[in-house]
Amino acid sequence: MLYLRQLGASNSGAFLSGLVFSLSGFMICWLGHPHVNCAMCLPLLLYLIEKFLQNESATSCLPGSISLRILGLLGIAFACLFLGAHPPTIVQVSIFAGIYFLFRMAGQWSSRPLAKIGLAICAVILGFFLAAPALMPFFEYYRHSSVDASSIVMNRTAIRLPLNTLILYLFPHLSGSSTEGYEDTMHWLGIGNLLPNFLERTGYVGVLPLLFA
């Protein structure tokens, strides 16, 4: 809600957006898994990015300035993201937040863009150091684990889903599910094959967002 309110949305619009995000398929399907721990940080990151870019003193480098306090909060938000403990979602959220930051900064034609980018990078580094007591043992453990080898054997190294999965944002059960069957429907229709994992390949906007859209 804070993020949408920062963009100028009404209270009801911000509430609806928060409801859609928190009750989305991804958040519900992975509730209880580390995926949600990371994904829930995205609205907070976007809110703090907006606060930073809309602040007139965002180019100030003086200690105690409003912009540096916001950057400190941004660093804490990144630390929470890193401590969410699901590396793929951490990467996805970080990339999205970075692209969003550059997009919004370009749209505002802000002065001293390199200074702002540098301060934002410092916030990410701060978040990493705050989370380092948990991250460093993880990196050490990962070197001696079999996760990487097993992921290669199970062909879990793909970085994207097929483009035909976009249709599932409107028709989530077009190719069935693990409980309903009919998982070869898209193949029968000549649309293409999909991964067998329903939760991994299916995204859905939702009835309520589609209705209001």
State which residue is farthest from the chain's Cα centre (by Cα) when the search covers only region 171-213 and only residues that are of a type in the set (D, E, K, R) and open to solvent by 90 Å² or more (accessible area, probe 1.4 Å).
Glu180
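Taking region 44-79 as the region of interest, how many residues are surrounded by fewer than 18 Cβ atoms within 10 Å (Cβ to Cβ) and either in a helix (DSSP H, G or I) or at pLDDT 95 or above (or both)? Can you show your working first?
Of all residues in region 44-79, those surrounded by fewer than 18 Cβ atoms within 10 Å (Cβ to Cβ) come to 54-57, 59-66, 69, 72-73, 76.
After this cut, where a residue has to be either in a helix (DSSP H, G or I) or at pLDDT 95 or above (or both) as well, the list is 54, 66, 69, 72-73, 76.
Final tally of qualifying residues: 6.
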Pairing a residue in region 4-22 that is buried (at least 16 other Cβ atoms within 10 Å of the Cβ) with any residue that is among the hydroxyl-bearing types (Ser, Thr, Tyr), where Cβ atoms lie under 6 Å and the two sit 6 or more apart in sequence or on different chains, gives Leu4/Ser17; Gln6/Tyr47
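Given the criterion more than 21 Å from Leu23 (Cβ to Cβ) and modelled with pLDDT of 75 or more, identify the matching residue among Phe138, Phe212, Phe198.
On the way: Phe212 fails: more than 21 Å from Leu23 (Cβ to Cβ); Phe198 fails: more than 21 Å from Leu23 (Cβ to Cβ).
When all the criteria are applied, what remains is Phe138.
Here's the yes/no breakdown for (1) closer than 18 Å to Leu81 by Cβ; (2) free of Cβ contacts under 8 Å to residues at least 60 places away in the same chain; (3) not acidic (Asp, Glu):
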{"position": "Gln108", "(1), (2), (3)": "no, yes, yes"}
{"position": "Ala120", "(1), (2), (3)": "yes, no, yes"}
{"position": "Val124", "(1), (2), (3)": "yes, yes, yes"}
{"position": "Gly127", "(1), (2), (3)": "yes, yes, yes"}
{"position": "Leu135", "(1), (2), (3)": "yes, yes, yes"}
{"position": "Phe139", "(1), (2), (3)": "yes, yes, yes"}
{"position": "Ser145", "(1), (2), (3)": "no, yes, yes"}
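Identify all residues within region 30-40 that are open to solvent by less than 60 Å² (accessible area, probe 1.4 Å) and outside any loop (DSSP other than H, G, I, E, B); write none if there are none. Spell out how you get there, then give the answer.
Our first condition is that a residue be open to solvent by less than 60 Å² (accessible area, probe 1.4 Å); within region 30-40, this holds for 30, 34-36, 38-39.
Scanning region 30-40 gives Pro34, His35, Val36, Cys38, Ala39.
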I'd like the residue in region 80-137 that is under 19 Å from Leu44 (Cα atoms) and in a loop (DSSP other than H, G, I, E, B) and, out of all such residues, is least open to solvent (accessible area, probe 1.4 Å).
Gly84
Can you tell which of Phe96, Phe82 is farther than 21 Å from Leu53 by Cβ, touching a residue at least 24 places away in the same chain (Cβ under 8 Å) and aromatic (Phe, Trp, Tyr)?
Phe82
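The values are calculated or read from the model by the stated rules, or taken from the named source; none is laboratory data. Only a predicted model underlies this, so the values are computations on that prediction, with no experimental measurement involved. Cβ atoms come from the backbone with ideal geometry, glycine included; neighbour counts cover every protein chain shown. Areas reflect the complete protein model, heavy atoms only, side chains present, ligands, DNA and RNA absent. Shrake-Rupley method; radii C 1.70, N 1.55, O 1.52, S 1.80 Å.
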